[in-house]
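Only the coordinates and a few stated rules stand behind these numbers; no lab work does. Values in this document were obtained by computation on a predicted structure and should not be read as measured data. Note: ideal-geometry Cβ built from the backbone for every residue, glycine included; neighbour counts use all protein chains shown.
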Amino acid sequence: MENNLHLGAVVNAARPRPFLRLAGFGIGIALCCAVLAARAIIAKPTAGPEAKRKAVVVELFTSEGCSSCPPADSLLLQLRQQTQQDGTEVIPLGFHVDYWNDLGWKDRFSSAAYSRRQEQYARRFALDGPYTPQMVVDGSSEFTGSDSSRARAAISQEATQAPTANVQLSLASPDKLLVRVISPGAGDVTLAITEDNLTTNVGAGENNGRVLRHAAVVREFRTLGKLAQGSFQAEIPLAPAKEWKPRDLRYVVFVQEVANGRIEGAASLSVGR
C-alpha cells in the first residue's frame, strides 16, 4: 500500500495530461495487484513433504473350530484384497491357535507357538486370557477380530505413525531372502511366511459342514535375530513345504519391541508376483 500511495502523490503533483493521468492510474492498479498477489503467496502456507506412511501389521488369532471366527477370517481377507485409500500397506497375519483342537475339529493350520504368542499379548493387554477371534494391530491395540469398524480405525491410527524401523526385503536367490533393517531402537526381527487362497471343508465341531476360506495363513513363524547397533542384515534360507503354493506365498518381516510388544516397522514381499 505504501508504494501505491507514493505513486499517486507523484502523479497528482505533476498534473500530467489526461492520457498520462490514465496511464499512471493503470500502472498504479497493476502495482497494487502485484503487491497483493505477492502478499497472498507469502501468506499462503506451503505444504511440507508428506510423511512416510507406516506399513501396518494386523494379526488375527483364529481357529477353524470356532463358530465366531469365520466373519473375522472374511475381514482379514478383505484387508488383504482392499487397497487403503491413503496408500497404507496392510500386512495381515492369520495365526491359527491350537486350543480349539480338542473340541471337535483339529485345525490343520494351527500351532502351539501361535497360541503362546497370543498368551503373551493377553498378558501385555492385561486380559483374563486368550480368546478367538482376536485382532491385534501393530502390537499396540486389540479387539474382537470381526469388528470391522475397530479394525479400520486402528489401522488408520497406526498408519499416521512414522516407522522407526526401516525394513527392506529382496530375493538374493530363489531360495534365499535378503533382509536389511535399520533402526535407532532395539527389538526382535521376525519372519512370517503366509499363504493365501486356502480352503477347508470342516467335518466336525462348531463349523461342521461349512466351507471356510482363509487368507494370509501363517505357515512359518520364527525370530531371525535382534537389532545390533541399529541394524540387522542376513540372508535367510527358504525351504517352503511341498504343499504350499508358491504363487500364494508372501514373506513378511517386522521389528517388534520386546518390552511392550509394539511393532516399529514391517515389510512384505510377494513370491508369486
message = Give the residue list of GluC sites (Glu not before Pro) in the stretch 201-273 that are DSSP loop and have at most 15 other beta-carbon atoms within 10 angstrom.
response = Glu243
ask   = Which residues' amide hydrogens lie under 5 Å from the amide hydrogen of Arg219, considering only partners 5 or more residues apart or on another chain, with H built in the peptide plane?
value = Ile193, Thr194, Glu195
request  = Using the Karplus curve 6.51 cos²θ - 1.76 cosθ + 1.60 with θ = phi - 60°, work out ³J(HN,Hα) for each residue of the stretch 180-193 in order, rounded to whole Hz, and write x for Gly and Pro.
outcome  = 10, 9, 10, 7, x, x, 10, x, 8, 9, 10, 10, 10, 10
key: Spin-label pair Ala259/Gln120, simplified geometry with 7 Å Cα→Cβ offset, distance in nm   = 1.7
request  = Pop out the ³J(HN,Hα) list for the stretch 236-243 in order, Karplus 6.51 cos²θ - 1.76 cosθ + 1.60 with θ = phi - 60°, rounded to Hz; leave Gly and Pro as x.
outcome  = 9, x, 10, 9, x, 5, 4, 7
